[in-house]
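First the structure, in the form of structure tokens, and then the observations on it.
The values are calculated or read from the model by the stated rules, or taken from the named source; none is laboratory data. Computed from a predicted model, the values in this text were never measured in an experiment. Here the Cβ positions follow ideal geometry from the backbone for every residue, glycine too, while neighbour counts run over all protein chains shown. Surface areas here come from the heavy atoms of the whole protein model, side chains and all, with no ligands, DNA or RNA. Shrake-Rupley method; radii C 1.70, N 1.55, O 1.52, S 1.80 Å.
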Amino acid sequence: MPAARPRSCSIANSLAVIGERWSLLALREVFLGARRFDQIAANTGASRDILTARLKKLVENGVLAKELYQAHPPRYEYTLTEAGLALQPVLLALMEWGDRYVTEGEPPTVLRHDCGEVLHPRTVCDACSRPVPPDSTHAIRLGGVPQ
């Protein structure tokens, strides 16, 4: 019997780019303002060789940009591209999920929204601005196949 082909999926495609622990932690650091390699390494605990590989992949895939900030010796910092900035809701949702279901005690990081309140992100529909609970959606195309 031939092996089944996995479903075509944007989640799988996304994970191929950002779905590794050190990649997500590097992105967290850039979102929090750490732009230089040594800062990112210190705040993630990633080994230099692994972090180098993950940052290179994020740059190659257009998630981060590598910008020269010192010529002699050459030193670079990492900044978020449009694609990188678009990952903010993903990171916020992962943090909220971890605070609720994994972290014991008080959350290690708390963000305040510019409205003055502690941030608790939620997903809303772009068209109607209503929340999107799991039972409020249905697939109209699944794995590239209309439903």
So, ALA34, is that one modelled with pLDDT of 95 or more and surrounded by fewer than 12 Cβ atoms within 10 Å (Cβ to Cβ) or not? no
SER129 being of a type in the set (Ser, Thr, Tyr) and at positive phi: yes
Report yes if PHE37 is touching a residue at least 12 places away in the same chain (Cβ under 8 Å), among the aromatic types (Phe, Trp, Tyr) and under 23 Å from GLU96 (Cβ atoms), otherwise no. no
Can you list the helices (runs of 4 or more DSSP H) found entirely within segment 1-108 that contain at least 2 residues being of a type in the set (Asp, Glu), over 22 Å from ARG122 (Cα atoms) and touching a Gly at 6+ places or on another chain (Cβ under 6 Å)? none
Only one of these is in contact (Cβ under 8 Å) with a residue 12 or more places away in the chain, open to solvent by less than 40 Å² (accessible area, probe 1.4 Å) and not hydrophobic (A, V, I, L, M, F, W, C): GLU20, GLU29. Name it. GLU29
Hey, any hits in segment 132-140 for a residue that's in a helix (DSSP H, G or I), open to solvent by less than 90 Å² (accessible area, probe 1.4 Å) and over 19 Å from LEU15 (Cα atoms)? yes
Residues in segment 64-79 that are open to solvent by 50 Å² or more (accessible area, probe 1.4 Å) and of a type in the set (Phe, Trp, Tyr) total 2
Out of all the residues in segment 80-125, which are exposed (fewer than 13 other Cβ atoms within 10 Å of the Cβ), among the β-branched types (Val, Ile, Thr) and without any contact (Cβ under 8 Å) to a residue 12 or more places away in the chain? VAL102, VAL110, VAL118, VAL124
The conditions are (1) touching a Lys or Arg at 6+ places or on another chain (Cβ under 9 Å); (2) touching a residue at least 24 places away in the same chain (Cβ under 8 Å); (3) surrounded by 16 or more Cβ atoms within 10 Å (Cβ to Cβ), and THR44 fails exactly one of them. Which is it? (2)
Out of the residues in segment 109-131 that are assigned to a loop (DSSP other than H, G, I, E, B) and of a type in the set (Lys, Arg), which is farthest from ARG5 (Cα to Cα)? ARG130
